[in-house]
Amino acid sequence: MKTTIITIFLMFFAILGLAQGDISFQVRSSGELFNSSWRNEQTGDWVLSLFDDCAAYDSKLWKYADKSDKKVILTDGTNNIIISIGKKNARKREFTIGDKKIMLSEITTNTLPDYPTADSTAFNTKLWTGEATITGFISNLPEMFQSGRINVKCCVSNYIKAMHDQFNARVGKKGRFTLKVPLFGINEVHLHIQDYYVPMVLEPGKKYFVMCDWRSGGAMFMGEDARLQNELQGKWNVISEAHSHEHMLNDSSLAKRSRENEVKYQNMLSKLQQVVVEHPTISKRYRDLMRVANRYAVCNMMMNIDCISLSGNIPDETDKWISKNGYLDPKMPFALTEAMGLYLNMRLSYEARKIFNKYYYLGPDQLLERVQNGKLKLDNDDVETIKLWLGYEKEEKVFRQNENKDERVFLQERARDKYHLNNKIIPFTRRPDIKAITNNDAPERTVMEKAVLDSLFGDKRVYQFALSTWLMRSMNSRMDGLPKEMYQYLDDVKDTALINRISERMELYAKMKNEEYSEIQPSLRSVSDVEGLTDGKAILEKILEPFKGKFVHIDFWGTWCGGCIQQLQGLPRLKSELKDYDMVYLYFANNSNEMSWKQMISQFDLYGGNCVHYNLPKAQEKALEKYLNVQSFPTYFLVDKHGNVHNMGNAVMADVLAYKRTIEELNKE
């Protein structure tokens, strides 16, 4: 739980490009012409960079056909551009590019200076699909990486799945790369280069040119839509300092913490206003992005406190704050920030759960009232058990408010014994006839969730977006098309782009359902391989027998696990990096429906001669996970050629090259 909350918080820092510190492009003047970058002071744009072996101009890299201190001729193999270079005067030079003279100023600061004029351009709120192209160049690339051993990846927030889609590109020997990124509307992304992030906001159909400096960890953008990207690299990005919770809290502590976060949110708005005063020309899009990203991030932190609430609920005043500030603004792109997608999912789940509990949970007091009113007939032993249950619940409310974990556990265990929780109350609540009573007259879950959507979103366009998100999530969670009872809601979606998105997903799952999965069958292993085995160690040894002398990559995952699915997207790159080794990819699915299991194996191409899948019975899977001490999903292990098992944690896909280096070292033994 602690990990989840902190992960969301750090993820938000990454959204703003601050997870690894300030992102700033460090171009220090060396006095050398062919190690310099130049900007147009009138427009504020980065126009030209001259390096020893190439030049950056007009959003691409050029070779030199000729080069001197007074003139360079740039060539791309087809076209030539002649650039005459005037004398330097107070860090300015007059350049003649083609037949056009232009005065440029040398870039000597850590970031591009403020743009000279204000920009009131608003975000395009249209939803449409398309591909953005990022062309880049990494300067000062260490020699060890100049042999094509580094990848750049772009993480795009998927508002429907509330996770990242990842796209990769190999960096060439001279530090150059081109990356194609499919988008649905305007999206924030993270361009991830080794250990630092470059924050960007991409628009479908546009082309972006970036120069990343390996030494300083900074970036500069040229050409189309460069202004916002450059502003995002500045040192004065505003972040919300919402508190990350580290332990369970009672209601009064939660309310206090929520008020502290409210104050910090207001301080953030004040800081943003201060930024606007100090940088009066900063663009409207930057200001809007900072406001929206921070607002949703704080809403997510507020929503998350139900996970560390001793009572299991969000305090009323916190709930009111969330309701007031957690709105979807129709004047902003819906897919802009990942924080918005997370918030939408958490809010819908929380509100639906409240309604669900109201209908599906009759506590001991309600049951006892029905008995006393003659509406429910139970024997005397059952009535006494209900009274025990009621006593336990009342005492539970007391120890739930105790923030001292050890004392709370002690009180809880004492109450368990006192009220015979394990041998009387729990078996009673699980009886089919009692379950039938507590589930009486409740509406369908989908009806409840739809009612929540209807109550939360009044604006028609916002409502259509939220509704389509809900429908898509329903399909993704089931790995199947829409259930029949949800077809009626499709008529409420009018936006063509949203309709197409839903239709594509329905067609995909329909196609997957009709397939025989013949291509994946060779990779599926029968549970008969380990029939009768109950010990985790014995199960693992039996499964690994055919792979002696090989490296085995083990992945514990589940079809229900969003993080697992996200990591699976990096598998093609992993296989590509490890293609020179005799690798076996061994997957253990946890608590996964067989149909969903097969669909995901097919969808993510997790099959082939070196892929092996097990979907073990629950007892055997549990024994195996206990033996290997699997605490979370996904978790990765590596079995070396000598049969030694190495716990690789859950970050293999985040640093594939480090994983490859581990295998290289083990291969020497």
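At-a-glance table
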{"read-out": "Cα centroid of segment 547-597 to Cα centroid of segment 38-55, whole Å", "value": "45"}
{"read-out": "Restraint check, K126/K324; K207/K460; K153/K618; K100/K284, Cα-Cα greater than 29 Å", "value": "K207/K460; K153/K618; K100/K284"}
{"read-out": "Descending Cα extents along the principal axes, segment 515-669, whole Å", "value": "38, 33, 28"}
{"read-out": "Square roots of 5 times each gyration tensor eigenvalue, C-alpha, segment 255-355, largest first, Å", "value": "27, 17, 9"}
{"read-out": "For segment 450-541, Kirkwood radius (reciprocal of mean inverse C-alpha pair distance, Å)", "value": "16.3"}
{"read-out": "DSSP beta bridges in the chain [antiparallel fraction, %, rounded to 5]", "value": "80"}
{"read-out": "Full-extension gain in nm, R445 to Q42, via 0.36 nm per residue minus C-alpha separation", "value": "139.2 nm"}
{"read-out": "Segment 545-634: Cα Rg divided by the 2.2 N^0.38 Å rule of thumb", "value": "1.07"}
{"read-out": "Assigned charges on the beta-carbon of Lys, Arg, Asp, Glu; segment 80-141 dipole about Cα centre (debye)", "value": "340"}
{"read-out": "Calculated log₁₀ intensity ratio I(q)/I(0) where the Debye formula runs over C-alpha points of segment 383-430, q = 0.17, 0.18, 0.28 Å⁻¹", "value": "-0.47, -0.52, -0.99"}
{"read-out": "Protein accessible area in segment 419-535, 1.4 Å probe - carbon and sulfur %", "value": "48"}
{"read-out": "Cα centre as origin, Lys/Arg/Asp/Glu Cβ charges: the chain dipole, Debye", "value": "1060"}
{"read-out": "Placed amide H near F551: partners under 5 Å, 5+ positions off or other chain", "value": "D582, V584"}
{"read-out": "Positive-end extreme of charge dipole, the chain - chosen from P199, S311, A589 (charges on Cβ)", "value": "P199"}
{"read-out": "Evaluated at q = 0.13, 0.17, 0.23 Å⁻¹: base-10 log I(q)/I(0), Debye formula over Cα of segment 305-396", "value": "-0.66, -0.87, -1.20"}
{"read-out": "Stokes-Einstein diffusion coefficient of segment 399-522, Kirkwood radius over Cα pairs, 37 °C, 0.692 mPa s, in µm²/s", "value": "172"}
{"read-out": "Nitroxide proxy distance, nm - points 7 Å out along Cα→Cβ at E395 and E531", "value": "4.9"}
{"read-out": "Gyration tensor verdict on segment 259-305 (Cα atoms; rounded if a/c is under 1.5, prolate if a/b is larger than b/c, oblate otherwise)", "value": "oblate"}
{"read-out": "Per residue accessible area in Å² of the chain, where ligands, DNA and RNA are left out and the probe is 1.4 Å", "value": "47"}
{"read-out": "Segment 531-578: GluC sites (Glu not before Pro) in DSSP coil with no more than 14 other Cβ atoms inside 10 Å", "value": "E531"}
{"read-out": "Carbon + sulfur, % of accessible area of segment 584-647 - ligands and nucleic acids excluded, 1.4 Å", "value": "45"}
{"read-out": "Cysteines in the chain lacking a second Cys C-beta under 4.7 Å", "value": "C54, C154, C155, C212, C299, C307, C611"}
{"read-out": "Protection proxy ranking of 170-183, 326-339 - average other beta-carbon atoms within 10 Å, highest first", "value": "326-339, 170-183"}
{"read-out": "Alpha-carbon centroid distance for the pair segment 105-119 / segment 310-358, whole angstrom", "value": "39"}
{"read-out": "Selection from S253, A538, F399 lying farthest towards where the dipole of the chain points positive, charges on Cβ", "value": "S253"}
{"read-out": "Potential lengthening between R431 and T117 on full extension [0.36 nm per residue; Cα-Cα distance subtracted]", "value": "105.9 nm"}
{"read-out": "Span per principal axis, largest first, for the Cα atoms of the chain (Å)", "value": "102, 62, 51"}
{"read-out": "Contour excess over end-to-end distance, with Cα ends at D580 and K618 and 0.36 nm allotted per residue", "value": "10.2 nm"}
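The values are calculated or read from the model by the stated rules, or taken from the named source; none is laboratory data. Since the model is a prediction, treat every value here as computed from it, not as a measurement. Because the Cβ atoms are built from the backbone with ideal geometry, glycine has one as well, and the counts that use them run over all protein chains shown. Heavy atoms of the whole protein, side chains included, go into the accessibility calculation; ligands, DNA and RNA do not. Shrake-Rupley method; radii C 1.70, N 1.55, O 1.52, S 1.80 Å.
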